[in-house]
1. Among the residues of the range A:142-164, is there at least one that is in contact (Cβ under 8 Å) with a residue 40 or more places away in the chain, farther than 21 Å from residue B:129 by Cβ and within 13 Å of the chain's Cα centre (by Cα)?
2. Show the residue pairs meeting these rules: Cβ distance below 6 Å; 6+ apart or different chains; first residue within the range A:178-201 and without any contact (Cβ under 8 Å) to a residue 24 or more places away in the chain and within 12 Å of residue A:168 (Cβ to Cβ); second residue open to solvent by 10 Å² or more (accessible area, probe 1.4 Å) and in a helix (DSSP H, G or I).
3. Would you pick out the residues in the range A:121-142 that are assigned to a helix (DSSP H, G or I), open to solvent by 10 Å² or more (accessible area, probe 1.4 Å) and more than 8 Å from chain B (Cβ to nearest Cβ)?
4. Which condition from (1) touching a residue at least 24 places away in the same chain (Cβ under 8 Å); (2) open to solvent by 20 Å² or more (accessible area, probe 1.4 Å); (3) farther than 19 Å from residue A:190 by Cα is the one that residue A:92 breaks?
5. Being in contact with a strand residue (DSSP E or B) (Cβ under 9 Å, 6 or more places away or on another chain) and open to solvent by 70 Å² or more (accessible area, probe 1.4 Å) is the filter here; which residues of the range B:238-262 pass it?
6. Specify the residue that is least open to solvent (accessible area, probe 1.4 Å); the eligible residues are those in the range A:325-359 that are over 30 Å from residue B:312 (Cα atoms) and β-branched (Val, Ile, Thr).
7. Hey, among B:123, B:118, which residue is more than 30 Å from residue B:273 (Cα to Cα) and assigned by TED's automatic domain parsing to the domain that holds residue B:162?
8. Hey, can you tell me all the residues within the range A:232-262 that are more than 31 Å from the chain's Cα centre (by Cα) and of a type outside the set (Phe, Trp, Tyr)?
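The values are calculated or read from the model by the stated rules, or taken from the named source; none is laboratory data. Being a predicted model, the structure only gives us computed values, none of them experimental. Here Cβ is always computed from backbone atoms with ideal geometry, including for glycine, and neighbour counts include all displayed protein chains. Remember, those area values only see protein heavy atoms, side chains included, never the ligands or the DNA or RNA. Shrake-Rupley method; radii C 1.70, N 1.55, O 1.52, S 1.80 Å.
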2 protein chains.
Amino acid sequence: MATVLLFVAMPDYDGAVTQATNSGAATVPTRRGRGEKSSPTIYDIAKLAGVNPSTVSRALSKPGRVSAKTQKIIEDAAEQLNYRVNPFARALPTGRTQTIGLIVADITNPTFFDIIRGAETTGSARDYTLVLAESAESPETELTAARRMLSTVDGLILASPRMDDEQIRALASDKPVAVINREVDGVPCVVPDVNKGISQAVRSLAANGHHQLAFVAGPPLSWMSRRRWEGVQAACDWYKLGAVRLESSKPTVDGGRQAARDVLGSGATAVITYNDLLAIGLMQELQAAGVRVPDQISIVGFDDIFGADFTTPALTTVRSPLGECGSRAAALLLDMFLGNEGPVGVVRVDTELVVRGSSGRLIA
Amino acid sequence: MATVLLFVAMPDYDGAVTQATNSGAATVPTRRGRGEKSSPTIYDIAKLAGVNPSTVSRALSKPGRVSAKTQKIIEDAAEQLNYRVNPFARALPTGRTQTIGLIVADITNPTFFDIIRGAETTGSARDYTLVLAESAESPETELTAARRMLSTVDGLILASPRMDDEQIRALASDKPVAVINREVDGVPCVVPDVNKGISQAVRSLAANGHHQLAFVAGPPLSWMSRRRWEGVQAACDWYKLGAVRLESSKPTVDGGRQAARDVLGSGATAVITYNDLLAIGLMQELQAAGVRVPDQISIVGFDDIFGADFTTPALTTVRSPLGECGSRAAALLLDMFLGNEGPVGVVRVDTELVVRGSSGRLIA
DNA sequence: GACAATCTGTCAACCGGTTGCCATCTATTG
DNA sequence: CAATAGATGGCAACCGGTTGACAGATTGTC
């Protein structure tokens, strides 16, 4: 299992008083040859400021606990010494690590990229570090990773979890947990509302003369794959299109190529895939087989990942605001850290159709 | 500044005895409601095994320091309690954090993805966590990030650094540092040898009837951009092609689009770009302007990133073994951790041309 | 069997912050 | 002016491992 840690932002020393004067030359004060004594500690500050170390600790982390005068003296001393808290020393007694865990199915999948970015940005704003781990689409690996992480982080974000609702709730009973791309009772979730985007896609396809649509599904354990299929079915019902569901071996470009055969066999003239990777692979394979896109078959992906507009024709896709999902999930966690048990409901974000060249009028 | 931490692999408790028996049910032994007492400690093990905590510590981290018998007893106890070391507690007295820092110019640039992967995989094998930070192409940001990271990691990898050689050496005098995509005297470096790949590219272009070539450069501070341009010049000399160097505003798809105008103005029929992102943007813009690729203009990128084969035609590119670079750099660091000051020379890895559809015979 | 060399486990100090409790000191009020 | 509440700083214990120093046990040697 691979785990990635996104060190979002290292606070100057505590997130307070962030303005560091660039007064002197840009020299590092403590230049030590080998591995001798390292950075200044609160004890050094205490000595310099003529107070007790505990007072320094309070001045730097408990706003208002010390008098304004002492506060100032200590802050000056801290700045003079170029003090940085030792995160390990802080984490030891408190258990607070200033980190948020994020588990994704596959680090190399660009879909997760925006989620990571979003979570990182929001965490960063509050001096939280993001730790990434990978589940490789396996519920077991995911659970193991989650358990291990949980001891090291203050909270956990699960992007597209593959494990049971029950297991997720168990984790959530231990530390704050937020879920993306899935609804789990009793756990705060951030879920793109696919209906709008799917409606737009199917309406557009119907308007372009399509009558039979195929949906290439994602991983069987993916809640979101089921959800998208339901959305496609509902929209097809409404717009009077036939809809058929096809399996994919894996939610990648390669999986998309492999699905081409089934798509052709299905007789559908329009395809919506579980994600963009599948759409791209499918388009490549169809074009290689001489099928013209979109003249003969229209293709619509999901997510609008990096590279979706590299293809010719560029990929039409239902964009999920992945960055917002990551950001919202992180915000939920940050909220819970503050003690707000708050609403554990579902946060919904909107999806929208991005029309590019891979979908269009059916030329019979 | 954004910093990402790649938590590569969390060892079972110390990397030794990794087989965890899945004996009982999959219940978490310490189920605590709120934030009560957490995981088992070496003190718990000591009590259970009837020895002193320090003996437990030694048994778990200093192989051979305790008798085989005691070792066994302690390991059994540790397993029974499902013990995991507390990384914070360990880092505090030792300073060893089991982490490697990696600074890249841009987290969203897929070029760095393979480097990250490579470093992560290699670090992972030795139970090291990877910490990522972003420099946003700024030497100042990079230096700040590097300084901050340095106090938290055991060693640092700089992928495509933008700061001075001098600054890099200063960092390296503090803790182990390895550099990728650049040569810095006195610091271990991993550098793709671009000559082979460029030679292949230029030879192939010459053979296809091209006489005038343009190189679209990358960031001015990029050592590798200069190096590639030198390689292109040398190869063009050899194969008797004219070569002209064009600037780009930024090394992205957008920068590539903007460069299209200059490319057309240069009269070149073949283009090599600093990286694939530029090549893709350039190709999009040229095609939009009605230029046929590769019939009128051949395009060759650099790196072979994710998505390079999404385009139509697929992108011909000089592949750098980025994954290997990351992996090698991490290996260098791990070596230095073991006390091997070793050779601080340059590790060279090979590049090769990947011929796809965007380059070919010039059709006048 | 006496004595040295080697093993093995224990003691205690330490890493650098945090925090409950208490002693002062100051300010407010009667 | 005395009594009292609140603000402020100090003391010391603690978080969970690590490690140098040392003593007791074991083994080997002559």
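1. Yes.
2. Final answer for the pair search is A:184/A:165.
3. A:122, A:125, A:139, A:140, A:141
4. Every condition holds for residue A:92 apart from (1).
5. Within the range B:238-262, B:245, B:247, B:262 meet the criteria.
6. Step one: list which residues in the range A:325-359 are over 30 Å from residue B:312 (Cα atoms), which gives A:325-350.
Checking the rest, the ones that are also β-branched (Val, Ile, Thr) come to A:344, A:346-347, A:349.
On the way: A:344: 65, A:346: 62, A:347: 34, A:349: 5 Å².
So, considering only residues that are over 30 Å from residue B:312 (Cα atoms) and β-branched (Val, Ile, Thr), the one least open to solvent (accessible area, probe 1.4 Å) is A:349.
7. B:123
8. A:237, A:240, A:241, A:242, A:261, A:262
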